[in-house]
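Right, I'll just put the structure down here and ask away after.
The values are calculated or read from the model by the stated rules, or taken from the named source; none is laboratory data. Keep in mind that this is a model prediction, so the values were computed, not measured. Cβ atoms come from the backbone with ideal geometry, glycine included; neighbour counts cover every protein chain shown. Calculation scope for accessible area: heavy atoms of the full protein, side chains included, ligands and nucleic acids excluded. Shrake-Rupley method; radii C 1.70, N 1.55, O 1.52, S 1.80 Å.
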Amino acid sequence: MRVLVAGASGFIGTALVERLTAEGHDVVRLVRRKAQGPDEAAWSPAAGIIDFTVMDRVDAVVNLSGASLARLPWTKTYRGEIVDSRVTATRTLADAMRKAKRPPAVFLSGSAVGYYGDRPGELLTEYCSVGSGFLSEVVSRWESAAGLAPDDTRTVVFRTGLVVGHGGALQRVETITKLGLSGRLGTGGQHWPWISLTDEVRALVHLLTSKLAGPVNLAGPTPATADRVMTAMAERMRRPYTFTVPERLLELALGRAADELLLASQKVRPQRLIDDGFRFEHVTVEAALDAMLSARRARG
């Protein structure tokens, strides 16, 4: 396939491009500068500018654009950037597809498990309703923008959890663990939806040729609490895990981000992906952490 990737230089995008290329697909990267070859196309997502004719030359589009949620604190200005960077970029891609003479057959558009909000005690599949809170509102608007793609384009919104790999949100956990400052966040019993970077990328490649449309959860098949994730990290890095950070202190330090990123409980199940025949390479968060640390050691 010939695949157009927005966000190709990011944490997930870099790994996805490597995988697609290794499997023989042609990749066209969207770049925010002048294109320097046939494997690049220029755009300005904030301004809604893109050469829509690129859509006539690709079979699929993967949208990974969006300001990092791991950048803290979430000031009022940055919350606006979190929303705008997702909604505007997605709408720009959808508008370009509608203008194309031959729109791409597939549109995989990023989303997040933040859709579900804080739902302790619930098993969350794609059939569950939207939650409440800032991230739920962001994801609802994000997915609505993806829904503007042409009717003939199979559109998937993939709701990703915490991606276990060298980079992304987990890098902060890795850093504080390395410094010996890791410890329980709140009760530690809140569920953190996780997925290995390897399986995130494998799932996206799977979805390119699947018949699935609509929301698809990208989360590992074995749920894990925050305590389990951080304990496993500390054990593998041979660092202490002794502190307990009260919820109130986290909220004072990080504001809304503490409630929605660190303290929210989301026991997410990738029901549609499993039903579609996808098999995970890393079934537990411990296996995902082992793979991450092993890959890092191999790179020196």
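Could you count how many residues in the range 209-226 are open to solvent by 10 Å² or more (accessible area, probe 1.4 Å) and either within 15 Å of ARG279 (Cβ to Cβ) or outside any strand (DSSP E or B) (or both)? Please lay out each step first, then the result.
Step one: list which residues in the range 209-226 are open to solvent by 10 Å² or more (accessible area, probe 1.4 Å), which gives 209-215, 221-223, 225.
Those still in the list that are either within 15 Å of ARG279 (Cβ to Cβ) or outside any strand (DSSP E or B) (or both) too: 209-213, 221-223.
The number of residues fulfilling the criteria is 8.
Under 7 Å between Cβ atoms, at least 6 apart or on separate chains: pull out the pairs that start in the range 183-203 with a residue that is without any contact (Cβ under 8 Å) to a residue 60 or more places away in the chain and end on any residue that is part of a strand (DSSP E or B).
Note: pairs meeting the criteria are GLY188/THR225.
Select from the range 29-48 the residues that are of a type in the set (A, V, I, L, M) and at pLDDT below 95 and write down the one among them that is surrounded by the most Cβ atoms within 10 Å (Cβ to Cβ). Break it down stepwise before answering.
So the first thing to find is which residues in the range 29-48 are of a type in the set (A, V, I, L, M), and the list is 30-31, 35, 41-42, 46-47.
Applying the additional criterion that residues be at pLDDT below 95 yields 35, 46-47.
Working: ALA35: 16, ALA46: 13, ALA47: 9.
The residue in question is ALA35.
Filter the helices (runs of 4 or more DSSP H) completely within the range 68-186 down to those with at least 1 residues that are open to solvent by 10 Å² or more (accessible area, probe 1.4 Å) and modelled with pLDDT of 95 or more. Full working, then the answer.
On the way: elements: 76-99, 134-146, 170-178.
Of the helices (runs of 4 or more DSSP H) lying wholly inside the range 68-186, those with at least 1 residues that are open to solvent by 10 Å² or more (accessible area, probe 1.4 Å) and modelled with pLDDT of 95 or more span 76-99, 134-146.
In the range 265-300, what count of residues is obtained for those that are touching a Gly at 6+ places or on another chain (Cβ under 9 Å), more than 14 Å from PRO223 (Cα to Cα) and buried (at least 18 other Cβ atoms within 10 Å of the Cβ)?
3
From THR225, THR231, grab the single residue that is of a type in the set (Val, Ile, Thr) and more than 21 Å from the chain's Cα centre (by Cα). It would help to see each step written out before you state the result.
Values: THR225 fails: more than 21 Å from the chain's Cα centre (by Cα).
Every option except THR231 fails the conditions.
Quick one: is ARG239 in contact with a strand residue (DSSP E or B) (Cβ under 6 Å, 6 or more places away or on another chain) and basic (Lys, Arg)? Break it down stepwise before answering.
Values: in contact with a strand residue (DSSP E or B) (Cβ under 6 Å, 6 or more places away or on another chain): no; basic (Lys, Arg): yes.
No: the conditions fail for ARG239.
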